[in-house]
Amino acid sequence: MSFSLQEASLQEPMLAHLRKLSAESSRNLALALQYLPESLHPSLKAGPIELNPPSQAGVVEHTKVWCLIVNNNAAASKIRQLLPALLAHLQAQGTGVGSVRLAVAKQSLKL
């Protein structure tokens, strides 16, 4: 008997959680693309969502850190300038993202 990935993820809590985070990251990317200039769109990919532990005593909520993967340093530089406004846009949409981390994808050398 074989299972599809969707069936397996429904039966296994860890897979279900990873699937939920992946879908959430994809939604964050879709929202980011609404805000960022079209010229940057081909350079972007959704990355992982991490939970940072609460930083202050008495704070019970974790902070979500969303990673936005960028293909090159030039695009990353432009997005860094837009990051405060992008974060505000994501938060206004109810994503629960507390910060955005940029990661530049490593390029493979073509010989």
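The values are calculated or read from the model by the stated rules, or taken from the named source; none is laboratory data. Since the structure is predicted, the reported quantities are computational estimates derived from the model, not experimental observations. Quick reminder, even Gly has a Cβ in these numbers, built from the backbone with ideal geometry, and neighbours come from all protein chains shown.
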Can you tell me which of (1) at pLDDT below 95; (2) in contact with a His (Cβ under 7 Å, 6 or more places away or on another chain) is the one LEU33 doesn't meet?
(1)
Note: among LEU51, LEU86, just one is on the phi < 0 side of the Ramachandran plot and at pLDDT 95 or above, namely LEU86
What tally of residues in the stretch 13-27 results from selecting those that are in contact with a strand residue (DSSP E or B) (Cβ under 7 Å, 6 or more places away or on another chain) and surrounded by 14 or more Cβ atoms within 10 Å (Cβ to Cβ)?
3
Just the residues that are in a loop (DSSP other than H, G, I, E, B) and either small (Gly, Ala, Ser) or modelled with pLDDT of 90 or more (or both), please, taken from the stretch 1-30.
SER2, SER4
Here the residues within the stretch 62-74 that are over 23 Å from SER22 (Cα atoms) and either in contact (Cβ under 8 Å) with a residue 24 or more places away in the chain or under 16 Å from the mean Cα position of the chain (by Cα) (or both) are ASN73
Filter the stretch 28-53 for residues that are farther than 16 Å from TRP66 by Cβ and among the polar types (S, T, N, Q); which is surrounded by the most Cβ atoms within 10 Å (Cβ to Cβ)?
SER43
Answer from LYS106, LYS110, LYS64 - the residue that is of a type outside the set (Gly, Ala, Ser), touching a strand residue (DSSP E or B) at 6+ places or on another chain (Cβ under 6 Å), outside any helix (DSSP H, G or I) and modelled with pLDDT under 95
LYS64
Residue pairs meeting the criteria (Cβ under 7 Å; at least 6 apart or on separate chains; first under 17 Å from LEU21 (Cα atoms), in the stretch 85-102; second of a type outside the set (A, V, I, L, M) and outside any strand (DSSP E or B))
LEU90/ASN28; THR95/ASN28; VAL97/ASN28; VAL97/GLN91
